[in-house]
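Participant: Following this message is one structure expressed as structure tokens.
Values quoted throughout were computed directly from the atomic coordinates according to the rules given, and no laboratory measurement underlies them. These figures come from a predicted structure and were not determined experimentally. When we count neighbours, we look across all protein chains shown, and the Cβ atoms used for this are built from the backbone with ideal geometry, even at glycine.
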Amino acid sequence: MKLQKIYCALLVSDLAAAESWYSKLLGRGPDYRPMKTLVQWDLSTGGGLQLFTEKEFAAHGALFIVVGDIATERRRLRDLGIALGDDNQGDYSTLAQLRDPDGNLITLASPPSPYPTA
């Protein structure tokens, strides 16, 4: 397999509401609207986010985002009315979580420290 790009796809119950919320979270609107039931962000050279309307299965997804600085993102999100949970120190990174309006879990993480070599 020659991988070119990976998208995290989350199912939402109301696409317009989810698009508005994720536009705040990501700091900009989507890059594409390929179908009336799908919006898409290209977030890096190798990955992105898709939101699909699927009321029956909404709220069962997860998104993991590595950010430059969690404290900066916490302040930015707070100013937008989005509450980020407490910091949790992991073995290699600091994590903080929140849920979108449908209940999908979003984890923000600081850049990971180098993994120990064996």
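Participant: Which angle between 0 and 90 degrees, to the nearest 10, do you get for helix 70-79 versus the longest principal axis of the chain when only C-alpha atoms count?
Facilitator: 40
Participant: Relative to the longest principal axis of the chain, what angle (0 to 90°, nearest 10) does the C-alpha long axis of helix 15-26 take?
Facilitator: Around 30 degrees separate the two axes.
Participant: Let me ask you something else. List the pair-distance distribution P(r) of the chain, using every Cα-Cα distance, as the percent of pairs falling in each 10 Å bin from 0 up to the bin containing the longest distance, rounded to whole percents.
Facilitator: Per 10 Å bin, starting at zero, the Cα-Cα P(r) for the chain comes out as 13, 41, 34, 10, 1 percent.
Participant: In deg cm²/dmol and to the nearest 500, what is the mean residue ellipticity at 222 nm of the chain if only DSSP H runs of at least 4 residues count, each as -39500 (n - 2.57), divided by the residue total? Don't skip to the end; give the middle numbers.
Facilitator: Working: 2 runs with 22 residues, N = 118.
Mean residue ellipticity at 222 nm (helix-derived): -5500 deg cm²/dmol.
Participant: Highest GNM mean-square fluctuation, the chain, Cα pairs closer than 10 Å: which of D100, D69, D91?
Facilitator: The residue that fluctuates most here is D91.
Participant: Report the FRET efficiency, 1/(1 + (r/R0)^6), for Q4 and L38, where r is their Cβ-Cβ distance and R0 is 22 Å, rounded to 0.05. Before the final figure, lay out the partial values.
Facilitator: On the way: r = 19 Å, r/R0 = 0.85.
The formula returns an efficiency of 0.70 here.
Participant: Given an 8 Å cut-off on Cα distances and at least 6 residues of separation, report the relative contact order of segment 1-65 as a percent.
Facilitator: 45
Participant: What's the FRET efficiency of A17 with D79 using the Cβ-Cβ distance as r and R₀ = 30 Å, to the nearest 0.05? Walk me through the intermediate numbers first.
Facilitator: Numbers: r = 20 Å, r/R0 = 0.66.
Efficiency computed from Cβ-Cβ geometry: 0.90.
Participant: Which trypsin sites (Lys or Arg not before Pro) from segment 16-109 combine a DSSP loop assignment with at most 15 other Cβ atoms within 10 Å?
Facilitator: Sites meeting the loop and neighbour criteria: R28, K36.
Participant: Right, another one. For segment 88-101, in order, what is each residue's ³J(HN,Hα) by Karplus, 6.51 cos²θ - 1.76 cosθ + 1.60 with θ = phi - 60°, in whole Hz (x at glycine and Pro)?
Facilitator: So the Karplus estimates, Gly and Pro as x, are 10, 7, x, 5, 10, 7, 9, 10, 9, 10, 8, 10, 6, x Hz.
Participant: So, one more: Pairs of alpha-carbon atoms within less than 8 angstrom and 6+ residues apart define the contacts here; what relative contact order does the chain have, in percent?
Facilitator: Averaging sequence separation for qualifying contacts and normalising by length gives 25 percent for the chain.
Participant: Evaluate the charge dipole of the chain about its Cα centre and quote only its size in Debye, nearest 20, assuming +1 on the Cβ of each Lys and Arg and -1 on the Cβ of each Asp and Glu. If you can, show how the numbers build up before the last one.
Facilitator: Numbers: 12 positive and 14 negative charges, 61 e Å.
Dipole size: approximately 300 debye.
Participant: In a GNM of the chain with a 10 Å cut-off on Cα contacts, which of L95, L25, L80 has the highest mean-square fluctuation?
Facilitator: Among L95, L25, L80, the largest GNM mean-square fluctuation belongs to L80.
Participant: Skipping prolines and chain starts, which residues have an amide H placed within reach, meaning under 5 Å, of the one on G85, given they are 5 or more residues away or on another chain?
Facilitator: Correct list: Q97, L98.
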